[in-house]
């Protein structure tokens, strides 16, 4: 499928898996499939009650985890990755951490579809998306949502123009590990 200008991902909005099974089962299946296909050691930690998450938030989290795993496999040259999804009163946290090569933020190519897509998905629900990385130190993606999805209070911009290449600012915050 071709990526249209300004869209968050090349994947359909809602994965068919979420129509057929519970959210936590879908995430478990996704991580198992990535581990089997890639040989990556994938650990999943879930501390959520999926019935408390609206379907749009479930889909967004699923797609962010899917893209984060894809980046770990295709770009990070990682041997292991851990994924955590937890909920606390009024907040849902997602963390994806790999032991890959990391990257220099200034060397991220323009139009880094995966990173931009994850950020856009988070921001579409007024979430916060951050990256911690540096060369040879792996990468950690942090995402935080209000458990009520769109009803979340507005977050300030998470742009850090001084650390992003080119004249445009990154749609997410990056910091060294």
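Quick look at the values:
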item	result
Number of the condition not met by residue 100 [criteria: (1) modelled with pLDDT of 90 or more; (2) loosely packed, with under 15 Cβ neighbours inside 10 Å]	(2)
Any hit, region 53-63, residues being under 23 Å from residue 144 (Cα atoms), at pLDDT below 90 and surrounded by 16 or more Cβ atoms within 10 Å (Cβ to Cβ)	yes
Qualifying positions in region 93-114 - within 13 Å of residue 63 (Cβ to Cβ) and part of a helix (DSSP H, G or I)	113, 114
Count - residues of region 24-44 that are in a helix (DSSP H, G or I) and closer than 19 Å to residue 61 by Cα	12
Set 53, 27, 46, 69: member being in contact with a helix residue (DSSP H, G or I) (Cβ under 8 Å, 6 or more places away or on another chain), without any contact (Cβ under 8 Å) to a residue 40 or more places away in the chain and at negative phi	69
Members of region 115-172 that are modelled with pLDDT under 50, within 23 Å of residue 76 (Cα to Cα), buried (at least 17 other Cβ atoms within 10 Å of the Cβ) and in contact with a strand residue (DSSP E or B) (Cβ under 7 Å, 6 or more places away or on another chain)	172
Residue that is in contact with a strand residue (DSSP E or B) (Cβ under 9 Å, 6 or more places away or on another chain), modelled with pLDDT of 90 or more, under 22 Å from residue 114 (Cβ atoms) and surrounded by fewer than 20 Cβ atoms within 10 Å (Cβ to Cβ), where the choices are 43, 33	43
Candidate set from region 72-90 (those that are in a strand (DSSP E or B) and at pLDDT below 90); member that is nearest to residue 32 (Cα to Cα)	87
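The values are calculated or read from the model by the stated rules, or taken from the named source; none is laboratory data. Just so it is clear, the structure is predicted and the values come from calculations on it, not from any experiment. Heads up, the Cβs are rebuilt from the backbone with ideal geometry, glycines too, and the neighbour counts pull from every protein chain shown.
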